[in-house]
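Okay, so here's the structure we're looking at.
The values are calculated or read from the model by the stated rules, or taken from the named source; none is laboratory data. Predicted model, so just to flag it, every value in this text is computed and none were measured. Virtual Cβ from ideal backbone geometry, glycine too; neighbours counted across all protein chains shown. To get the accessible areas, we keep the full protein, side chains included, count just its heavy atoms, and leave off ligands, DNA and RNA. Shrake-Rupley method; radii C 1.70, N 1.55, O 1.52, S 1.80 Å.
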Amino acid sequence: MRSISKHSKLDQFTLDIEFLLISVVQGVALSVLAISSVAPISDLTFAYWPYIISAFIVLFIFWSQAIVHALSFIDWPLDLSHNFLYFLASFVQVLSFSKVTDPLHWFSFMSGLFAVAIVLYYVDYKLILNRKEDFSQSQNGKNLYDHLVSQHVLEMKFLAPAGLLFNLIASYLIWKYPVTMITNQYHIVLICLQVFFQAGILFNSIKSFKKRSLLIEKVID
């Protein structure tokens, strides 16, 4: 935590880099999504609008999670593996967002995105464990750390793997039954399920962010 760190200037420098990286990678992903969305929106191809909605939710999840992680446990020294994975996740995001009218590739690339997310969660988990001592100097710090760990484990062991499994199953169904899924447009059922699932993750992220913000304020005070 920056409030109890011995290297406040270096911590702020690291945090600035983190915020810049988050803004840049998500800005690139958003621009690709905007370009890919022009045709289906202009042509009123409603079957692909849920993919655009899903992509926006992915953006919101990635941004909110990255911000809350940065505020919670990112400080000096800078962890390059953590930042490299942000670039990789953004790259897979761009691949996914470029395929909003191609269900098979959409779900395949989304599988890749959740796989990268799982790796990122495990890397960040090590960062969290390494900073346990920083949170142990007060009861408020311990409360913040407990919430941080419990929420991170929930997302790392359950939500992210569930997302990976769903997208793998969806990819297989579209590949195995192209007539049913594409020609008969049953892929819409899959993308709607994905939207609801990701909306649940976003809701959990927003709820966690609000609670985390209050805990951080108590530590700072």
- When both residues are 6+ apart or on different chains and their Cβ atoms are under 7 Å apart, which pairs have a first residue that lies in the range 122-150 and is over 21 Å from F209 (Cβ atoms) and surrounded by fewer than 17 Cβ atoms within 10 Å (Cβ to Cβ), and a second that is of a type in the set (K, R) and modelled with pLDDT of 85 or more? S136/K142
- Selection over the range 169-188 where residues are in a helix (DSSP H, G or I) and closer than 12 Å to P103 by Cα yields a count of 12
- Task: Considering only the range 85-121, state which residues are more than 19 Å from V68 (Cβ to Cβ) and open to solvent by less than 30 Å² (accessible area, probe 1.4 Å).
- Result: V92, S96, F97, V100, P103, W106, F107, M110, S111, G112
- Message: Among the residues of the range 44-56, are any more than 16 Å from I188 (Cα to Cα), touching a residue at least 60 places away in the same chain (Cβ under 8 Å) and of a type in the set (A, V, I, L, M, F, W, C)?
- Response: no
- Query: Of I191, I182, which residue is out of contact with any helix residue (DSSP H, G or I) (no Cβ under 6 Å at 6 or more places or on another chain), open to solvent by less than 70 Å² (accessible area, probe 1.4 Å) and aliphatic (A, V, I, L, M)?
  - Reply: I182
- For S111, indicate whether it is modelled with pLDDT under 90 and part of a helix (DSSP H, G or I). no
- Note on the structure: Checked pairs for the range 1-20, first at pLDDT below 70 and assigned to a helix (DSSP H, G or I), second surrounded by fewer than 16 Cβ atoms within 10 Å (Cβ to Cβ) and of a type in the set (A, V, I, L, M), C-beta under 8 Å and 6 or more apart or across chains, list as S3/I220
